[in-house]
Every structure is written in structure tokens, then in C-alpha cells.
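Asks: Just passing along the structure, written as C-alpha cells.
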Amino acid sequence: MRAAMNPLYEKMKTSVFERMSLLAARHGAVNLGQGFPDFGWPEAILDAASRALKEVSNQYAPSRGLPELREAVAAHYQEHFGQELSADHVCVTSGGTEALGAAILATVEPGDEVIIFTPAYDSYAPMIRRAGGTPVEVGLKSPAWRIERETLEAAVGSRTRAILFNNPHNPAGRLFESDELEIVASVARRHDLMVISDEVWEHVLLGGRRFTPIATLPGMADRTIKIGSAGKIFSLTGWKVGWIVAAPALTNAVARAHQFLTFSTAPNLQSAVAFGLKEGEAWIQPMRDRFERACDRMTKGLRANGYAVLDATSTYFLCVDLKASGLTIGDEAFATTAVERAGVAVVPLSAFAERDPPRHLVRLCFGKKDETIDAGVAAMAKAKELFA
Ligand code: PMP
């Protein structure tokens, strides 16, 4: 008898980020695929972490997180968005990814449907399925990537439990407008749905834009589980320190799911993130300015080489429209050839949807030093020649 594994995982492909990063390493390509900055994390937070390694405990942290970090997260959102929060609203997790897993496991029962906006971050659908639910895709269309009320309403059925919202949106690189936020909130209120709001990109904003947490809209505080990540706020993606923020009763349920996923997160990193949230305010605007410059540099470089680039309003990703750039090749084939023969790894957007996925877009990470961007643009120019 063969020991069978869960078919969800047996049939699942390795994540597109891992796949592209491995290919980038194998071919010595510039890695613009997986999203991580190669500059600019705050030194003071690294110093706080190294002090904490010696001076703070190296044993299990409390499962919900160090009180100082939970309080710092609450105070941070009070200061930025005027939310009335306390440590009871916060549960610290090992990154946004674990926060998403815990939020989904704590919300979804077998048979439930969860609406996701595609192209969607790739952990959503598998986690919803693992919780016994079914992801229901609402496809956003480039280049506007707008949420339309009719399409969202049409996706709601008698078994819909939650909307998994992602704002700002990865991979579209888009901050939704206030009318779109209102659409999501009003559909959630009308059908009595939970909203799991993945807001990990909340501070990575371009063009002076301002972010509004969906929990601050009327009637949303008691039905929203927000996901945040220090990895994005401080450009420290490898730290994997994240959190959920929700009404205390919801936080309690998510904390119970979290206690049997990772139980707790490295205390010294938590302590350094608490320091960063308290002392690192001055860092946020320069970080945005730096990403804005990087975005401009990559956009100009790609456009000069004949690529159609969609405007990004948040995150450190931009999308290139292959079709509008005069290339008829599909995104997967482009990405494979680009990494193997032109020396640049990008991410094909078809990996982020199952139903009617876009096959003409690739995502590039612009959160890179000038020389990395220039090398990436040169390799993209080479890729274009290969298909000319
Ligand atoms: N959600 C979205 C939309 C993301 O882009 C990411 C990271 N790329 C995550 C969640 C995961 O966050 P973390 O790295 O903190 O696990």
C-alpha cells in the first residue's frame, strides 16, 4: 500500500518565487522576480536586534507576541490612522504569510467560499482550500485593475464566508481608490461577510498617496482581520515578523490558530521591530522616496527599450505588458527565456490566478540599487531582442 499524501500538496507546484529565484541563481541572472529590496534597511533597527540577541530572551516568546511589540503595533496604527487599538487587538505572527494562514484557518469552515481578487498573492487559494473552503476568484483586469461592484456582488453566494482583500495589491502594484474600498466594505456589510485584509504594503506608497485601512470604514472594525508585516515596513523581508490586528474576540480566535502553526516568533526580532515602530517613524518617508526613485529609473529604462510599463502606485513591483510591448509570447515562456538566455528573472502573472489568468504580463521588483536596476533593464532589452 502506498502512503498517500494530501493531494493539495502532492499536486502543487513549487511557488513561482522559489522557482524563479532558483533559476536566477543557476543562470547567474539579475533577480527581479522574488520581491526583496537590496538596499536601505534601517541600521538602528539592526543594532536593536543585535543588542536584543544578547540582552533579551532567546527562549519562547509569549504566543501572542511580546507585550512591547503588541503595544507598539497598536500605537503605530493609532498614530497613522487614528484607530483606537490596544495590545488586545494584536497577535504577532511569523510574517504576513503565517498571519494569513492563521486568519484563514480561524475564519473558514469546510464548505465556505472565500472571495479573492486575482491575480492574487499565491498563498491565498491553497490556504483557503486547506481550511476546507473554496476560493472564488474575482478577476481584476489590467491596466486599471479596478474593483467593480457588479462583479464582486456576482461572486457572493449563500456559502460565502469572507472576502480576502489585498490593499495595496500585489502583484498589480496598486493602491485601491476610496470608492473601491467602499464597494468591498458595503458588500461585506450587506452580506454579513468577514474581511481578511492583507495590508502588508500599507506603507510602501508612491506619488504621495495615503493609505486607509478598511477596518476604519463604518461597520468594518468588528468584521475585519488586518494583516501587517514588519518585513515590508522596514525592508527586512527575511525577518518574518508580522501580525494580525482585529477586534479582541476575533484576535482570540486567530491567536488559537496561530498557537499551533508556529506558536511564537523570535523574541529578539520582535523586540527590534517594537523599537523600529517606536523610533523608526522618520524612516518611512525617505523609504518611500527611495522606492519612488527606483520605480522611475526602472520604468524609464524599460520604456526606452520599447516596453509598455503599467503605472505602479504602491509596492515595489511594476508590471510589463508584453502584448502592448509588441510581444506575442506568453508570460511563462517569456520568463523562462528571460532567465535562461537574457539574464533576468521576472515573475509571470498567470501564476496568480486559476480562472482566466492574464498571460501577457510579467512582474518586476524595482526595489533595487541603481546598478541592479540598470543590469536588469539591459537584460530585459536583450530578452526583447530574442523575441523580435
Ligand atoms: N501578502 C502579500 C500581498 C505579500 O506581497 C507578501 C510578501 N510578498 C505577504 C503577504 C507575505 O508577507 P511576509 O513576507 O511578512 O510573510
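Read-outs: derived from the displayed coordinates by stated rules, not from any lab. Nothing here was measured: the structure is a model prediction, and the numbers come from that model. Please note: Cβ atoms are built from the backbone with ideal geometry, for glycine as well, and neighbour counts cover all protein chains shown.
Asks: Just want to confirm a number: the relative contact order over the stretch 263-388, from Cα pairs under 8 angstrom separated by 6+ residues, in percent.
Replies: RCO, the stretch 263-388: 25 percent.
Asks: Right, next: Would you tally the net charge around PRO37, using a Cβ to Cβ cut-off of less than 11 Å, leaving PRO37 out, and scoring K and R as +1, D and E as -1?
Replies: +3
Asks: State the Cα centre-to-centre distance between the stretch 211-236 and the stretch 239-269 in whole Å.
Replies: 14 Å
Asks: Step through the table entries LYS13/LYS141; LYS300/LYS382; LYS13/LYS369; LYS13/LYS323; LYS11/LYS141, compare each Cα-Cα distance with 23 Å, and write down the pairs that go over it.
Replies: Those over the limit are LYS13/LYS141; LYS13/LYS369; LYS13/LYS323; LYS11/LYS141.
Asks: Among CYS319, CYS295, what is the fewest-to-most ranking by other Cβ atoms within 10 Å?
Replies: CYS295, CYS319
Asks: Just add up the charged neighbours of PRO357: K/R +1, D/E -1, any other residue whose Cβ is under 11 Å from the Cβ of PRO357.
Replies: Numbers: positive: ARG355, ARG359; negative: GLU137, ASP331, GLU332, GLU354, ASP356.
Every neighbour counted, the sum reads -3.
Asks: For the residues LYS368, LYS300, LYS54, what sequence is obtained by ranking on other C-beta atoms within 10 Å, fewest first?
Replies: LYS54, LYS300, LYS368
Asks: Taking loop as defined by DSSP and a crowding limit of 15 other beta carbons within 10 Å, which trypsin sites (Lys or Arg not before Pro) in the stretch 177-215 fit?
Replies: ARG209, ARG210
Asks: Now a separate question. In what sequence do VAL241, VAL273 fall when counting other Cβ within 10 Å, fewest first?
Replies: VAL241, VAL273
Asks: Given the convex hull of the Cα atoms of the stretch 248-337, what is a quarter of its surface area in nm²?
Replies: If you wrap the Cα atoms of the stretch 248-337 in a convex hull and average its projections, you get 10.3 nm².
Asks: Which net charge results for the neighbourhood of ALA172, defined as the other residues with beta-carbon distances under 11 angstrom from its beta-carbon, given Lys and Arg at +1 and Asp and Glu at -1?
Replies: Counting the neighbours of ALA172, the net charge comes to +3.
Asks: With θ taken as phi - 60° and the coefficients 6.51, -1.76 and 1.60, list the Karplus ³J(HN,Hα) couplings across the stretch 347-364 in order, rounded to whole Hz; mark glycine and proline as x.
Replies: 10, x, 6, 5, 5, 9, 8, 9, 9, 6, x, x, 10, 10, 10, 10, 10, 10
Asks: Using a 10 Å Cβ count of at most 11 others and DSSP loop calls, identify the longest part of the chain lacking such chymotrypsin sites (Phe, Trp or Tyr not before Pro). Kindly include the intermediate steps, with their values, before the conclusion.
Replies: Details: sites that count: TYR60, PHE260.
The segment 61-259 is the longest one with no such site.
Asks: I'd like the GluC sites (Glu not before Pro) in the stretch 317-388 restricted to DSSP loop residues with at most 15 other Cβ atoms within 10 Å, sorted by number.
Replies: GLU354
Asks: Are there any trypsin sites (Lys or Arg not before Pro) in the stretch 318-355 that are in a DSSP loop and have at most 11 other Cβ atoms within 10 Å? List them by number. Walk me through the intermediate numbers first.
Replies: Details: sites: LYS323, ARG341, ARG355; in loops: LYS323, ARG355.
Those that pass, being in a loop and sparsely packed, are ARG355.
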